[in-house]
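Colleague: This is the structure, below, for whatever I ask next.
Computed from the coordinates by the stated procedures, all read-outs in this text should not be read as laboratory data. Just so it is clear, the structure is predicted and the values come from calculations on it, not from any experiment. Glycine also receives a Cβ, built like all others from the backbone with ideal geometry; neighbour counts cover every protein chain displayed.
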Amino acid sequence: MTTTLQHLHTPFVPLAFIRLSTGFPTAPGRMLFENHWAIWAAMFLVGLAAVWRGVNTQRAIARNIGFAVLAVTVIWVVTAWLVVTPYERLVNANNAIISAAAHDNVPAIMHYVAKSATFGHWNYAQIQSGLAQRLKFAHITGNIIRSMTVRIRADQAVTQLVIWTSTRDYGPVITSWRFIWQDHPRPGNWRIMEVDLLSLNGHHARPDAVIPMPR
């Protein structure tokens with residue numbers, strides 16, 4: 001499954017109480033539990049129209065059909081609100097990381113990084129210390145995800161992002177990244193297994209590149 005999201009300016013975190021497992025069939029899960037506002041709006045209007053027609057023509061069947069459509073729509077919306085799919089969890093995780101980087105919040109970033117993760121020649125401890133050091137000197141004033149490509153297969157996923165970063169001292173920086181993820185049953189969220197810096201300001205990064213120190 002491949003999905004491309006354009007211009008994600010702010011992270012979206014749904015108020016969800018149930019995390020759907022990657023073992024749940026993908027197509028039914030996305031259809032049932034993700035947001036479909038256009039479909040819901042159309043169903044709601046159809047339901048209202050049927051109720052209005054049934055009341056005005058005193059046709060109980062039309063009125064009851066309208067109420068049934070409205071009830072199904074409400075149940076569907078509430079269900080989708082309560083359940084977060086693997087795709088939604090993955091998008092939320094990427095957004096949370098980018099937002100945390102903009103606020104120099106290394107612990108929030110590392111929350112999504114597996115203990116066995118690698119980033120170039122860095123291991124987990126070096127990722128943590130390297131991020132802290134570089135974010136301290138970068139003086140990031142904003143992060144915007146310009147595009148995100150999501151590919152999910154079973155409990156593994158790959159996301160590729162293009163990020164526009166504004167900094168206080170170095171101006172805008174454009175980077176592209178690849179995150180390789182695995183979904184962990186406990187605590188029920190995606191964790192990064194590998195980070196690859198693909199390009200920096202239009203220049204391809206070497207395969208083992210890490211975040212350069214600001215100069």
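Colleague: Can you give the calculated 222 nm mean residue ellipticity of the chain, where each DSSP H run of n ≥ 4 adds -39,500 (n - 2.57) and the sum is split over every residue, rounded to the nearest 500 deg cm²/dmol? Display every interim value, and only then the final one.
Modeller: Numbers: 6 runs with 89 residues, N = 215.
The helix contribution divided over the chain gives -13500 deg cm²/dmol.
Colleague: Please compute the net charge surrounding THR85, taking Lys and Arg as +1 and Asp and Glu as -1 over other residues with Cβ under 10 Å from its Cβ. Provide the component values of the computation, followed by the final result.
Modeller: On the way: positive: ARG19, ARG30, ARG89; negative: GLU34, GLU88.
So the surrounding residues net to +1.
Colleague: Next question. How much of the pair distance distribution for the range 100-153 lies past 15 Å, counting alpha-carbon pairs only, in percent?
Modeller: 57 percent
Colleague: Quote the Stokes-Einstein diffusion coefficient, in whole µm² s⁻¹, for the range 7-121, based on the Kirkwood radius over alpha carbon pairs, a temperature of 37 °C and a viscosity of 0.692 mPa s.
Modeller: Estimated via Stokes-Einstein, D reaches 192 µm²/s.
Colleague: Additional query: What is the sum of charges around GLN160, taking Lys and Arg as +1, Asp and Glu as -1, for the other residues whose C-beta is under 13 Å from the C-beta of GLN160?
Modeller: So the environment of GLN160 carries a net charge of +1.
Colleague: Could you tell me, in Å, what Rg and Dmax come out for the Cα atoms of the range 35-84?
Modeller: 12.1, 42
Colleague: Compute the distribution of all C-alpha to C-alpha distances in the range 109-215, in bins of 10 Å from 0, and list the percent of pairs in each, rounded to whole numbers.
Modeller: Over the range 109-215, the share of Cα pairs per 10 Å bin runs 14, 43, 36, 7, 0 percent.
Colleague: Under 13 Å from the Cβ of THR175, count the other residues' Cβ atoms, weight Lys and Arg +1, Asp and Glu -1, and hand me the total.
Modeller: Overall, the nearby charge balance is +2.
Colleague: Sticking with this structure for a sec: For P(r) over Cα pairs in 10 Å bins from 0, in percent, one of [x] 8, 25, 25, 18, 13, 8, 2, 0; [y] 8, 35, 39, 17, 1, 0; [z] 8, 28, 29, 16, 10, 6, 3, 0 was computed from the structure I shared and the rest are decoys. Which label?
Modeller: [z]
Colleague: Quote the relative contact order of the chain in percent (integer), defining contacts as alpha-carbon pairs under 8 Å separated by 6+ residues. List each step's numbers first, then the result.
Modeller: On the way: 382 pairs, mean separation 46.5, N = 215.
In percent, rounded to a whole number, it is 22.
Colleague: Among the complete DSSP H segments of the chain, which ones combine at least 20 Å of alpha-carbon extent along their axis with a mean Kyte-Doolittle hydropathy of -1.0 or more?
Modeller: Answer set is 37-57, 60-82, 86-102, 124-138.
Colleague: Over the range 60-125, what portion of Cα pair distances is larger than 19 Å, expressed as a whole percent?
Modeller: Pairs farther apart than 19 Å: 59 percent.
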